[in-house]
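Peer 1: Below is the structure I would like to discuss, written out as structure tokens.
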Amino acid sequence: MADSTMIHHDSTTARSHDDDRAVAAARAIALTVVEGKGHGHAGTAMGAAPLAHVLFQHVLRHDPSDPSWQGRDRFILSAGHASLLLYIQLHLTGYDLGLDEIGSARQFGSRTPGHPEIDVTPGVEMSTGPLGQGVASAVGVAAASRHASEALDGDAEPMFDPTIWVLAGDGCLQEGVSAEASSLAGALGLDNLVLIWDDNGITIDGPTSVAFSEDVRARYRAYGWRVLEIDDVEDLDAVHDVLTEAAARTGRPTLVAARSDIGFPAPHRRGTSAAHAGAFGAQEFSDTMAALGYPADATLASLVTDDVREHTLRAAARGRALRGEWDAALAARDAERPDLLSRRRAMHDSTAQVTAALAAIDALPPVADVATRTASGEVLTAVHAAVPLWGGSADLAGSTSVAVPGETFGPTCYGGSSVAFGIREHAMAAFASGVALHGLWRPYASTYLAFSDYMRPALRLAALMELPTIMVFTHDSVAVGEDGPTHQPIEQVASLRTVPGMSVVRPADAAETRAVWRRVIAEPDGPVSLILSRQTLPCLPEAGDAARGGRVVLTHGDGMGVALIATGSEVHVAVEAARALAAEGHSVRVVSMPCVEWFEAQDSDYRESVLPRAVRARVAVEAGVGAAWWRYAGDAGRVVSVESFGVSGPGARVMEHLGITVEAVISAAHESIEEVGR
């Protein structure tokens, strides 16, 4: 373990008058900004100000002049509504964030949005707001950091194993995702993770006691966490001592239970739900400002006096020193250990990694009639050692074909090649976001498609952050069969397609599966959901342009009579229907559209070549809710889909019962051709 003084904190322990004034200024800024706008969240920003001050001034390893410094600790504000708490510390400690920008919080185009957003505000590590997501994703960041240390530090003194700090409120700990993730963190022994619980006992509807009576400390001890206490956050020395202790590595993640008073020091609103959001009102505002040592008419600029500014900017000098120290230590190690330098360069050489991965796919045996989950697993096994893909499944690695060679990540092997998430789909998706935020690996996670609903909040947030996560969903339709309607996805594919920025990919055979994996590896441009079959699917003609999202797989005649559009296993139904229509004398084309999003990103000439506007007779086929397909079917087209829940029985029989048949496609084609001819 690297020297704890260098890695975790400075030696400042004595509380000073300047610290008190800095905390008062932070509180006054939050109060003034919210009062001036009439909206926003000042309560937690005020109540937790001492915590944030000590953390950013004395404990957190960060360099405000270089927010992306590789040796930094990460801080995630899970209680994202308290964004002012973070913005104020970023400003006071010297990040590129002016006080005027804090004054414009929550305004259109502001660098200080209502909830933190990555790539908007320097120093923000994650977009947060939906409660509990920050806790769960921080577990992923911590795991990725520990994994990175194994990869980059090897047997040397750790330099790539920072502390991951997350600040959560009562609401975060009530959301189920935080429970899933905290349980996982305990099982993984992530002692580089510190969760600070702002225990103020208040939620929007009133005291937490109306709905939250559990012993949180006992729960976290049961998860395998170490639990530390701060009885009163106003005691800055105690805050410093406990946070410093929390950063020490003990083999367990750490919960810091910190008692605070929301809205402190407001005489009437403090400690009540009224302090959570909104203006305090003229009299309460004036009285609170007086308690903080400021006149009611103080301007925002006047709140940060020269002595406070000088004091808080010491954090910037401290950060530059820490970074300089770290840079020098890394340079010395690189000179002594060229093997580790080479390893690090290889881990960051994305061009070489992609080249090697694509070569590994090209070296696979010729495609065969297999389930697309099997074809996907073959690709993953071939490429996982070449490109930094890292992940696992929700207790389904064998069934979803994401098992890869090597040990499982955990306390006895932090270099493990895969993660066992247990049955924790929501935490798994958020964990994947954390891995992506860490930045060294491309994360994947896997479960059955019907269970993607458990993951939706985290999937939405990954899409909002444009993270290159890969979700591998199998058992793609009612063809799952005997497992019955609880396991047969109906609305899930259509639902995932409604998420902005999410690429939903449903390949039709092994060749298309390889083609789309090639694109996913070579072009990490946001989250991807791979939708894969359990049942065997026959091979189509060459994959060709499958990576462009849509392609013509079969034509009879000039292909301008009727177009059959399908995805996944239904492409084969469309092919059989096309052959029957051709035997009747119809000109027909079959379009496989594995990814609508990719297809719509193509130029108009390509899209016209696949689906000519002149072809008005169209049938779209998918074994799920079909509402979105009408945009492709057009005014004369038809959609063959599943609009009810499934039934138990053999997959083929269920598909027949629900109308996903060759005969149904032929009938729909006849109707569309007749409609065009009217």
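Peer 1: Within the range 561-672, considering only helices (runs of 4 or more DSSP H) that don't extend past its boundaries, which have at least 1 residues that are within 18 Å of residue 537 (Cβ to Cβ) and of a type in the set (Asp, Glu)?
Peer 2: 570-583, 651-657
Peer 1: Same structure, new question: Of all residues in the range 348-382 being open to solvent by less than 10 Å² (accessible area, probe 1.4 Å) and touching a Lys or Arg at 6+ places or on another chain (Cβ under 7 Å), which is nearest to residue 537 (Cα to Cα)?
Peer 2: Result: 371.
Peer 1: What number of residues within the range 438-457 are assigned to a helix (DSSP H, G or I), open to solvent by less than 30 Å² (accessible area, probe 1.4 Å) and not small (Gly, Ala, Ser)?
Peer 2: Residues that pass the stated criteria total 2.
Peer 1: Considering the range 327-347 alone, what residues qualify as being open to solvent by 70 Å² or more (accessible area, probe 1.4 Å) and either farther than 17 Å from residue 157 by Cα or in a loop (DSSP other than H, G, I, E, B) (or both)?
Peer 2: Once the filter is applied, which keeps residues that are open to solvent by 70 Å² or more (accessible area, probe 1.4 Å) and either farther than 17 Å from residue 157 by Cα or in a loop (DSSP other than H, G, I, E, B) (or both), the range 327-347 yields only 345.
Peer 1: Residues in the range 126-134: is at least one open to solvent by less than 10 Å² (accessible area, probe 1.4 Å), under 24 Å from residue 245 (Cβ atoms) and modelled with pLDDT of 95 or more?
Peer 2: Within the range 126-134, one or more residues are open to solvent by less than 10 Å² (accessible area, probe 1.4 Å), under 24 Å from residue 245 (Cβ atoms) and modelled with pLDDT of 95 or more.
Matching residues to (1) modelled with pLDDT under 95; (2) out of contact with any Leu (no Cβ under 6 Å at 6 or more places or on another chain); (3) of a type in the set (Gly, Ala, Ser):
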| residue | (1), (2), (3) |
| --- | --- |
| 411 | no, yes, no |
| 429 | no, no, yes |
| 434 | no, yes, yes |
| 440 | no, yes, no |
| 456 | no, yes, no |
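Peer 1: Related question: Sort out which residues of the range 499-525 are surrounded by fewer than 17 Cβ atoms within 10 Å (Cβ to Cβ), touching a residue at least 40 places away in the same chain (Cβ under 8 Å) and in a loop (DSSP other than H, G, I, E, B), and write them in order of number.
Peer 2: 525 - this is the single residue of the range 499-525 that is surrounded by fewer than 17 Cβ atoms within 10 Å (Cβ to Cβ), touching a residue at least 40 places away in the same chain (Cβ under 8 Å) and in a loop (DSSP other than H, G, I, E, B).
Peer 1: Which condition number in (1) touching an Asp or Glu at 6+ places or on another chain (Cβ under 7 Å); (2) open to solvent by less than 20 Å² (accessible area, probe 1.4 Å) is the one that residue 122 fails?
Peer 2: In the conditions (1) touching an Asp or Glu at 6+ places or on another chain (Cβ under 7 Å); (2) open to solvent by less than 20 Å² (accessible area, probe 1.4 Å), residue 122 misses (2) alone.
Peer 1: Further question on the same structure: Would you say residue 665 is touching a His at 6+ places or on another chain (Cβ under 6 Å) and closer than 18 Å to residue 554 by Cα?
Peer 2: Taking the combined requirement at face value, the residue does not satisfy it.
Peer 1: Also, quick follow-up: Residues in the range 182-196: is at least one surrounded by fewer than 18 Cβ atoms within 10 Å (Cβ to Cβ) and either touching a Lys or Arg at 6+ places or on another chain (Cβ under 9 Å) or modelled with pLDDT under 95 (or both)?
Peer 2: no
Peer 1: Condition first: part of a loop (DSSP other than H, G, I, E, B) and either modelled with pLDDT under 95 or touching a helix residue (DSSP H, G or I) at 6+ places or on another chain (Cβ under 7 Å) (or both). Now tell me which residues in the range 466-481 satisfy that.
Peer 2: 467, 468, 469, 475, 476, 481, listed by residue number.
Peer 1: Could you give every pair whose Cβ atoms fall below 6 Å, whose first residue belongs to the range 433-456 and is under 21 Å from residue 525 (Cα atoms), and whose second residue is of a type in the set (S, T, N, Q) and part of a strand (DSSP E or B), counting only separations of at least 6 or pairs across chains?
Peer 2: Qualifying pairs under 6 Å: 446/393.
Peer 1: Out of the residues in the range 145-164 that are touching a helix residue (DSSP H, G or I) at 6+ places or on another chain (Cβ under 7 Å) and within 15 Å of residue 76 (Cα to Cα), state the one that is most open to solvent (accessible area, probe 1.4 Å).
Peer 2: Out of the qualifying residues, it is 162.
Peer 1: Here is a further query. I need a count of the residues in the range 598-621 that are within 31 Å of the chain's Cα centre (by Cα) and either at pLDDT below 95 or open to solvent by 70 Å² or more (accessible area, probe 1.4 Å) (or both).
Peer 2: Counting residues in the range 598-621 that are within 31 Å of the chain's Cα centre (by Cα) and either at pLDDT below 95 or open to solvent by 70 Å² or more (accessible area, probe 1.4 Å) (or both) gives 3.
Peer 1: With respect to residue 570, is the statement that it is within 25 Å of residue 370 (Cβ to Cβ), more than 30 Å from the chain's Cα centre (by Cα) and of a type in the set (D, E, K, R) true?
Peer 2: Answer is yes for this residue.
Peer 1: Quick test of your reading of the structure: residue 104 fulfils all but one of (1) in contact with a helix residue (DSSP H, G or I) (Cβ under 6 Å, 6 or more places away or on another chain); (2) open to solvent by 20 Å² or more (accessible area, probe 1.4 Å); (3) among the hydroxyl-bearing types (Ser, Thr, Tyr). Name the failing condition by number.
Peer 2: (1)
Peer 1: Here's another thing I want to ask about it. Quick one: residue 538 ticks every box in (1) surrounded by fewer than 17 Cβ atoms within 10 Å (Cβ to Cβ); (2) touching a Pro at 6+ places or on another chain (Cβ under 9 Å) except a single one, so which number is it?
Peer 2: With respect to (1) surrounded by fewer than 17 Cβ atoms within 10 Å (Cβ to Cβ); (2) touching a Pro at 6+ places or on another chain (Cβ under 9 Å), residue 538 is out only on (2).
Peer 1: If you check 416, 324, 406, 422, which single one turns out to be surrounded by fewer than 15 Cβ atoms within 10 Å (Cβ to Cβ) and in a loop (DSSP other than H, G, I, E, B)?
Peer 2: 406
Peer 1: Tell me which helices (runs of 4 or more DSSP H) are completely within the range 209-314 and hold 2 or more residues being over 30 Å from residue 161 (Cα atoms) and open to solvent by 30 Å² or more (accessible area, probe 1.4 Å), or say none if there are none.
Peer 2: 282-292, 300-303, 306-312
Peer 1: If you go through the range 633-663, how many residues are surrounded by 15 or more Cβ atoms within 10 Å (Cβ to Cβ) and over 23 Å from residue 450 (Cβ atoms)?
Peer 2: Of the residues in that region, 6 qualify.
Peer 1: Looking for something acidic (Asp, Glu) and either touching an Asp or Glu at 6+ places or on another chain (Cβ under 8 Å) or at positive phi (or both) - is there at least one such residue anywhere in the range 155-165?
Peer 2: yes
Peer 1: Counting just the residues of the range 188-221 that are among the polar types (S, T, N, Q) and in contact with a Gly (Cβ under 9 Å, 6 or more places away or on another chain), which one comes out farthest from residue 55 (Cα to Cα)?
Peer 2: 209
Peer 1: For a quick check of your reading of the model, give me the residue pairs whose first member lies in the range 350-368 and is without any contact (Cβ under 8 Å) to a residue 12 or more places away in the chain, whose second is loosely packed, with under 14 Cβ neighbours inside 10 Å, with beta-carbon atoms closer than 9 Å and at least 6 apart or on different chains.
Peer 2: Final answer for the pair search is 352/346.
Peer 1: While we're here: Residue pairs, Cβ under 7 Å, 6 or more apart or interchain, first in the range 567-581 and in contact (Cβ under 8 Å) with a residue 24 or more places away in the chain and among the aromatic types (Phe, Trp, Tyr), second part of a helix (DSSP H, G or I) and open to solvent by 20 Å² or more (accessible area, probe 1.4 Å). List them.
Peer 2: Listed pairs, sorted by first residue: none to list.
The values are calculated or read from the model by the stated rules, or taken from the named source; none is laboratory data. Computed from a prediction, not measured in an experiment: that's the story for all the values here. All Cβ positions, even for glycine, are placed from backbone atoms using ideal geometry, and neighbour counts span all protein chains on display. The area values use the complete protein model at the heavy-atom level, side chains included, leaving out ligands, DNA and RNA. Shrake-Rupley method; radii C 1.70, N 1.55, O 1.52, S 1.80 Å.
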